[in-house]
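The values are calculated or read from the model by the stated rules, or taken from the named source; none is laboratory data. Nothing here was measured: the structure is a model prediction, and the numbers come from that model. Cβ sites come from the backbone with ideal geometry, for glycine too, and all protein chains shown count toward neighbours. When the accessible area is computed, the model is the full protein with side chains, heavy atoms only, and any ligands, DNA or RNA have been set aside. Shrake-Rupley method; radii C 1.70, N 1.55, O 1.52, S 1.80 Å.
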Amino acid sequence: MKDSTKCLHSGYKPENAGPGAMPIYQSTTFRYESTQAIADLFDLKTDTPFYSRLGNPTCGFVEQKIAALEGGVGAMLTSSGQAATLTAILTIAKAGDHILCSSTVYGGTFNLMAVTFKRMGIDVTFFEQSETDEQVEAKIKPNTKAIFGETLANPALTIFDIERFANIAHKHEIPLIIDNTFATPILCKPFDFGADIVVHSTTKYFDGHAVQVGGVVVDSGKFDWAKSSKFPEFVTPDESYHGLVYTQTFGKLAFIVKARVQIMRDLG
Ligand SMILES: Cc1ncc(COP(=O)(O)O)c(C=O)c1O
């Protein structure tokens with residue numbers, strides 16, 4: 001399928017005699033006939049919808065469509081682009097950690113990085129693309145958890161050299177997160193150039209009609225969270241799921257599952 005076909009047909013596949021247009025499931029909750037079925041959902045043994053904060057069939061169709069367009073293994077919709085960036089970072093960083101961020105990013109992202117993350121105990125250092133690799137690498141610390149950049153920066157429209165910064169990030173065993181809002185996967189697929197995670201404000205071109213605020217986090221499935229020594233939360237038991245280990249149970253989906261079942265569950 002080419003992109004234009006994926007735009008129409010990825011994500012939602014009508015069942016025999018099912019609606020041709022993707023239906024909107026306007027329900028907070030989903031019914032099950034046994035409490036055991038619900039218990040299995042809470043324990044992540046099954047993954048059908050039960051509460052729309054964590055997953056809703058309509059959102060699921062859109063997530064799969066966007067994941068297909070970006071070439072990722074999974075995606076999660078969020079309430080806004082800001083929420084997507086926040087969720088992506090909080091899935092891999094906590095108080096005491098550090099993020100390296102391009103200085104030419106959307107103003108809201110800049111404030112999140114420069115002011116609000118600091119208040120949460122996550123330190124952020126900015127870099128200019130004009131800096132040499134050595135200068136950028138000198139800013140990476142033992143507690144640095146990601147490099148963040150924007151494909152086409154809002155509003156300067158600076159083009160981010162995804163391949164260059166993916167190489168730097170991977171040399172230091174950390175992922176590259178790209179905000180692909182302005183390019184969209186139609187014009188640029190950051191995973192093809194080595195990015196590990198993509199975020200979007202779907203409020204912009206994905207929406208297209210200026211009526212709906214939203215965001216999405218997309219996982220390439222390529223970053224090896226178990227190989228890097230920097231992400232113990234991915235390889236040690238999560239007490240809130242009776243000791244589940246994300247990389248062991250979910251493999252290539254570890255990041256996007258952790259984003260949903262931990263960060264979306266707790267922060268909404
Ligand atoms: C590149 C970029 N990223 C993120 C955002 C934040 O998205 P939202 O307004 O959907 O929270 C914006 C909003 O203008 C943006 O332009």
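Okay, helix-only estimate at 222 nm for the chain: each DSSP H run of n ≥ 4 adds -39500 (n - 2.57), divide by all residues, round to 500 deg cm²/dmol; what do you get? Don't skip to the end; give the middle numbers.
On the way: 11 runs with 79 residues, N = 268.
Using -39500 (n - 2.57) per qualifying helix, the result is -7500 deg cm²/dmol.
Whole number please: convex hull volume per residue, Cα atoms of the chain, in Å³.
Numbers: hull volume 36.4 nm³, N = 268.
Each residue corresponds to 136 Å³ of Cα convex hull volume.
Region 5-20 and region 28-48 have Cα centres separated by 25 Å. Ignoring lysines fewer than eight residues from K13 along the same chain, the ones with Cα atoms less than 23 angstrom from its Cα are K2, K65. In order along region 106-119, the phi-based Karplus estimate (6.51 cos²θ - 1.76 cosθ + 1.60, θ = phi - 60°) of 3J(HN,Hα) comes to 3, x, x, 5, 4, 5, 4, 6, 7, 10, 6, 4, 4, 5 Hz; Gly and Pro are listed as x. Rounded to the nearest whole Hz, the Karplus-based 3J(HN,Hα) values (6.51 cos²θ - 1.76 cosθ + 1.60, θ = phi - 60°) of region 2-7 follow the sequence 7, 4, 5, 6, 4, 4, with x at glycine and proline.
Counting only C-alpha contacts under 8 Å and six or more residues apart, can you give the relative contact order of region 11-159 as a whole percent? Kindly include the intermediate steps, with their values, before the conclusion.
Working: 158 pairs, mean separation 29.3, N = 149.
After rounding, I find 20 percent.
Peptides 158-166, 194-202 ordered by packing proxy, namely the average of other Cβ atoms within 10 Å per residue, highest first: 194-202, 158-166. Straight-line cross-link partners of K45 among the aspartates and glutamates, defined as a Cα under 17 Å from its Cα and at least 8 positions apart when in the same chain: E33, D238, E239.
Between E239 and S52, residue separation times 0.36 nm minus the direct Cα-Cα distance comes to 65.0 nm.
Whole number in Å², please: accessible area per residue of the chain, 1.4 Å probe, ligands, DNA and RNA not counted.
Numbers: 13320 Å² over 268 residues.
Here the per-residue accessible area is 50 Å².
Spin-label pair E137-I24: with each label point 7 Å from Cα along the Cα-Cβ axis, the two points sit 5.2 nm from one another.
Which order do peptides 70-82, 203-215, 98-110 fall in by mean Cβ count within 10 Å, highest first? Each step should come with its number before you reach the end.
Details: 70-82: 21.6, 203-215: 13.6, 98-110: 19.9.
Output ranking for 70-82, 203-215, 98-110: 70-82, 98-110, 203-215.
Residue separation of N167 and F42 scaled by 0.36 nm, minus their Cα-Cα distance, works out to 41.2 nm of gained length. By DSSP, the beta bridges lying fully in region 73-267 are antiparallel in about 45 percent of cases. Surface composition of region 73-267: carbon and sulfur make up 57 percent of the accessible area, probe 1.4 Å.
The overall shape of region 107-205, judged from the alpha-carbon gyration tensor, is oblate: a/c is not under 1.5, and a/b is no greater than b/c.
Longer than 32 Å from Cα to Cα, which of K118/K222; K6/K141; K6/K94; K6/K230; K139/K258; K141/K252 are they? Say none if no pair is.
Details: K118/K222 29 Å; K6/K141 40 Å; K6/K94 36 Å; K6/K230 36 Å; K139/K258 27 Å; K141/K252 26 Å.
In this structure, K6/K141; K6/K94; K6/K230 exceed 32 Å between Cα atoms.
May I ask you to derive the relative contact order of the chain, considering only C-alpha pairs under 8 Å and at least 6 residues apart, and to give it as an integer percent? In percent, rounded to a whole number, it is 20.
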